[in-house]
Amino acid sequence: MQNYLIRNIAVVNEGRTTVQDVWIKDNRIEKIAPNITISGNYKEINGEGKHLLPGVIDDQVHFREPGLTEKATIYTEARAAVAGGTTTFMEMPNTKPAALTQELLEEKYEIGRQTSLANYSFFMGAANDNVEEILRTNEKKDRVCGVKIFMGSSTGNMLVDNYLTLDTVFSNSELLIATHCEDEKIIRHNMEVFKQEKGDALTAADHPLIRNVEACFESSLVAIQFAQKHNARLHILHISTAKELQLFGNMLPLAEKRITAEVCVHHLHFTADDYAQYGNLIKCNPAIKSPENRDGLWEALLDDRLDIIATDHAPHTWAEKQQPYLQAPSGVPLVQHSLLLMLEYVKQGKISIEKVVEKMSHAPAVCFQIKDRGYLREGYFADCVIVDMNAGSQVTKENIYYKCGWSPFEGHTFPAAVTHTFVSGHLAYENGKFDESVKGQRLLFNR
């Protein structure tokens with residue numbers, strides 16, 4: 001494997017930015033120091049004027065394989081992720097078939113091993129009737145990121161609304177339990193009311209009123225009650241409302257929290273006012289809501305009630321999104337542009353680059369107890385990204401790498417650019433070109 005020496009680059013790590021040299025040898029970071037002298041064969045990269053960040057760890061993506069590969073594949077979306085500075089992903093189980101058995105789960109890992117340019121892990125799926133299979137995951141808790149519970153409707157047979165099932169999983173799982181929290185009864189009631197009132201005239205602007213604040217809050221409250229009852233390790237995904245934030249605290253260090261929360265980039269960026277422009281393109285679950293919710297999310301992100309920034313990357317074909325509201329599926333492709341979006345907010349002064357690194361790299365590694373990743377440390381895997389904070393990058397049809405071929409950011413110019421992405425020491429992406437000769441690695445966990 002090629003070794004690399006990155007010279008005079010601003011290293012962003014653990015709350016500090018310092019100009020250093022970084023020596024990458026084989027898979028790992030061998031040395032970080034002001035002036036490194038080495039011998040032997042290596043490639044030197046001039047990092048002057050650029051920043052080196054730990055690779056983004058996205059703890060929630062939907063890469064659609066197996067069974068929904070007209071939308072995306074693990075190969076295509078991992079490639080897009082790497083182009084955007086995401087070196088590691090954790091993928092959700094609502095594929096077709098859903099990953100509801102250990103055998104189906106391992107089939108996904110094998111696809112990842114063969115095709116993923118990024119490092120990978122896959123969640124075990126929960127249903128009302130597969131408790132034994134879920135608990136078998138305890139045997140591989142050092143090799144599986146977690147158990148995913150949909151407490152609101154999803155693709156496939158994965159709605160878990162049986163309280164006995166929930167109680168059993170929360171009391172017996174030795175893995176992190178990640179939940180999608182929306183109350184199905186509230187949503188169904190709201191949908192009936194809106195259908196009676198508007199019929200086929202429903203639009204994406206109605207989405208946050210149907211999948212409303214109360215649906216999110218009530219479901220998150222239930223999940224937290226189960227977790228507190230059993231002292232389970234709970235991670236609530238894609239918080240979208242200001243009201244839910246009262247459920248989370250910032251008094252403990254992240255590593256000591258038993259209940260953590262994630263916010264997604266689209267909930268930090270868009271509001272319900274944007275449905276007029278984007279329509280179904282930003283239809284997602286939970287819904288993008290009114291501006292005061294976005295404001296609350298930013299406040300909680302910056303004061304550490306929200307722990308992780310992720311994407312919930314969920315691609316659908318352009319044709320599917322052009323259907324009427326009731327037929328158009330929910331989900332937005334985001335993994336290629338999440339880091340660039342957050343760096344735009346850095347440029348605006350809304351968040352520091354050190355805080356972005358904390359929430360997108362360090363915190364996922366801590367929350368999931370990922371082994372030797374998430375930081376720029378000697379001895380850790382060399383998952384790292386070079387960004388140019390002074391070079392704009394325009395999103396065009398030609399440089400969107402998602403299989404679905406579209407992005408809500410098409411036509412937008414971000415004020416920063418990802419120039420290099422290293423995955424486990426392999427330079428997988430450099431200035432618009434990929435080297436796919438080495439694949440990413442399966443994540444291991446310190447559990």
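The values are calculated or read from the model by the stated rules, or taken from the named source; none is laboratory data. Because the structure is a prediction, the values reported are computed rather than measured. Backbone-built Cβ (ideal geometry, glycine too); neighbour counts: all protein chains shown.
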* Starting from the stretch 272-287, take each residue that is assigned by TED's automatic domain parsing to the domain that holds Phe217 and list its partners that are modelled with pLDDT of 95 or more and of a type in the set (Ser, Thr, Tyr), counting only C-beta distances under 6 angstrom and pairs at least six apart or across chains. => Ala272/Ser290; Lys283/Ser330; Cys284/Ser330; Asn285/Ser330; Pro286/Ser240
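Rundown of residues vs (1) touching a residue at least 60 places away in the same chain (Cβ under 8 Å); (2) buried (at least 17 other Cβ atoms within 10 Å of the Cβ); (3) more than 19 Å from the chain's Cα centre (by Cα), yes/no style:
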{"residue": "Arg373", "(1), (2), (3)": "yes, yes, no"}
{"residue": "Ser393", "(1), (2), (3)": "no, yes, yes"}
{"residue": "Tyr402", "(1), (2), (3)": "yes, yes, no"}
{"residue": "Ser407", "(1), (2), (3)": "yes, yes, no"}
{"residue": "Ala416", "(1), (2), (3)": "yes, yes, yes"}
{"residue": "Phe422", "(1), (2), (3)": "yes, yes, no"}
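Out of the stretch 11-24, which residues are in a strand (DSSP E or B) and surrounded by fewer than 18 Cβ atoms within 10 Å (Cβ to Cβ)?
Answer for the stretch 11-24, where residues must be in a strand (DSSP E or B) and surrounded by fewer than 18 Cβ atoms within 10 Å (Cβ to Cβ): Arg16, Thr17, Thr18, Val19.
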* Asked: Has the stretch 32-49 got any residue that is crowded, with 16+ Cβ neighbours inside 10 Å and of a type in the set (Lys, Arg)?
  -> no
* Please verify whether the stretch 96-114 includes one or more residues that are modelled with pLDDT of 95 or more, assigned to a strand (DSSP E or B) and buried (at least 24 other Cβ atoms within 10 Å of the Cβ). => no
* State the number of residues belonging to the stretch 168-188 that are free of Cβ contacts under 8 Å to residues at least 40 places away in the same chain and either buried (at least 17 other Cβ atoms within 10 Å of the Cβ) or among the aromatic types (Phe, Trp, Tyr) (or both). => 3
* Working carefully through the options Arg233, Arg188, Arg211, find the one that is under 21 Å from Thr271 (Cα atoms) and of a type in the set (D, E, K, R). => Arg211
* To do: May I ask you to list pairs of residues, at least six apart or on different chains, whose Cβ atoms are under 9 Å apart, with the first in the stretch 343-356 being in the same structural domain as Glu299 (by TED's automatic domain parsing) and the second being part of a helix (DSSP H, G or I) and of a type in the set (Ser, Thr, Tyr)?
  => Ile351/Tyr345; Val356/Tyr345
* Residues (touching a strand residue (DSSP E or B) at 6+ places or on another chain (Cβ under 8 Å) and either of a type in the set (D, E, K, R) or assigned to a loop (DSSP other than H, G, I, E, B) (or both)) located in the stretch 405-436 -> Gly411, His412, Ala416, Ser424, Gly425, Glu430, Asn431, Asp435, Glu436
* Could you tell me which numbered condition Ala118 fails, if it satisfies all but one of (1) over 16 Å from the mean Cα position of the chain (by Cα); (2) among the small types (Gly, Ala, Ser); (3) surrounded by 24 or more Cβ atoms within 10 Å (Cβ to Cβ)? => (1)
* Asked: Has the stretch 129-152 got any residue that is at pLDDT below 95, more than 17 Å from the chain's Cα centre (by Cα), of a type outside the set (S, T, N, Q) and crowded, with 21+ Cβ neighbours inside 10 Å?
  -> yes
* Please give the number of the condition Thr88 fails out of (1) among the β-branched types (Val, Ile, Thr); (2) in a strand (DSSP E or B); (3) over 19 Å from the mean Cα position of the chain (by Cα). => (3)
* How about the stretch 234-348: which strands (runs of 3 or more DSSP E) wholly inside it have at least 2 residues that are of a type outside the set (A, V, I, L, M) and surrounded by 17 or more Cβ atoms within 10 Å (Cβ to Cβ)? -> 259-264
* Going by the conditions given, is Met191 assigned to a helix (DSSP H, G or I), over 26 Å from Leu164 (Cβ atoms) and without any contact (Cβ under 8 Å) to a residue 40 or more places away in the chain? -> yes
* **Filter result for Ile353 (of a type in the set (Val, Ile, Thr) and closer than 24 Å to Ser220 by Cβ)** => no
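Table: residues versus (1) acidic (Asp, Glu); (2) out of contact with any strand residue (DSSP E or B) (no Cβ under 7 Å at 6 or more places or on another chain); (3) in contact (Cβ under 8 Å) with a residue 60 or more places away in the chain.
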position	(1), (2), (3)
Ala72	no, yes, yes
Thr88	no, no, yes
Phe122	no, no, no
Asn128	no, yes, no
* To do: Find the residue count for the stretch 349-359, including only residues that are at positive phi and in a helix (DSSP H, G or I).
  => 0
